[in-house]
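Encoded as structure tokens, the structure appears first; notes follow it.
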Amino acid sequence: MKRGEASSKPDKKQVKGKTKAKPEKATKPSEASAKSRGKETKAEAAKPTKPLKKTVRSRVAKKPLSEEAVARAAKVQALLKLRAEIADGRPAFQRPESWRYTRLKENWRKPKGLDNKVRKMVKGWPRLVKVGYRGPVAARGLHPSGFRDVLVDNLKGLDGLNPETDAVRLASGLGARKRQAIINRADELGLKVLNPCGIRVISEKET
């Protein structure tokens, strides 16, 4: 072929451009799953929501407290207030040398070493546990509401309880049926239930 004459053969670049088409980008499985999730969430939002579960508990009118009960309640509240004040001023007792060794926990252990500074109550060292830091004996073991905390796991446990001084705490292993029976019986006796939970009734489905 002479110079200056146009070649009849097509250019390789043009052939490649005509014959080979660019492959379409395949959607990643994560993107496809995300789109499907978005469609599912929109479909779920469009569905009517089910009514919430409600607790079932019988209410009984409580009897008015006597004068003695009111006076006792005021005394208990004063003791609880005193207990809280003493607890606020009580230092956080820390196990000696727990700040030095990571293998020692911070929970209190009585120091017994001959030269232990905490046992000797040396100035500048943590406080030593003493009986003078404790709260009033009459308020010991009382619930913050002022009642004595009594653990109950059956109906017989409610016998002999005083509604003015005792409160019921349901055991953790109780089922819904027995919880319902104990709560209803406690309401009849006028007893306070500290943890009236775990009783659920599923509403009937709409037809």
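The values are calculated or read from the model by the stated rules, or taken from the named source; none is laboratory data. The model shown is predicted, which means the values in this text are computed figures rather than measured ones. Neighbour counts are summed over all protein chains in view; Cβ atoms, including those assigned to glycine, are modelled from backbone coordinates with ideal geometry.
Residues of the range 141-162 that are touching a helix residue (DSSP H, G or I) at 6+ places or on another chain (Cβ under 9 Å), surrounded by 14 or more Cβ atoms within 10 Å (Cβ to Cβ) and either without any contact (Cβ under 8 Å) to a residue 40 or more places away in the chain or not small (Gly, Ala, Ser) (or both): Leu142, Phe147, Val150, Val152, Asp153, Gly157, Leu158, Leu161. Is there a residue being more than 29 Å from the chain's Cα centre (by Cα), within 23 Å of Arg72 (Cβ to Cβ) and not basic (Lys, Arg) anywhere in the range 162-181? Yes, that holds for at least one residue. Out of all the residues in the range 119-136, is one or more under 23 Å from Ala74 (Cα atoms) and within 26 Å of the chain's Cα centre (by Cα)? No, the range 119-136 contains no residue that is under 23 Å from Ala74 (Cα atoms) and within 26 Å of the chain's Cα centre (by Cα).
Every residue, every condition in (1) in a helix (DSSP H, G or I); (2) in the same structural domain as Gly175 (by TED's automatic domain parsing), yes or no:
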{"position": "Leu80", "(1), (2)": "yes, no"}
{"position": "Pro96", "(1), (2)": "no, no"}
{"position": "Tyr101", "(1), (2)": "no, no"}
{"position": "Leu104", "(1), (2)": "no, no"}
{"position": "Asn107", "(1), (2)": "no, no"}
{"position": "Leu128", "(1), (2)": "no, no"}
{"position": "Val150", "(1), (2)": "no, yes"}
{"position": "Lys156", "(1), (2)": "yes, yes"}
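For the range 158-200, the set of residues classified as closer than 26 Å to Val70 by Cα, in a helix (DSSP H, G or I) and out of contact with any Leu (no Cβ under 9 Å at 6 or more places or on another chain) consists of Asn184, Asp187, Glu188, listed by residue number.
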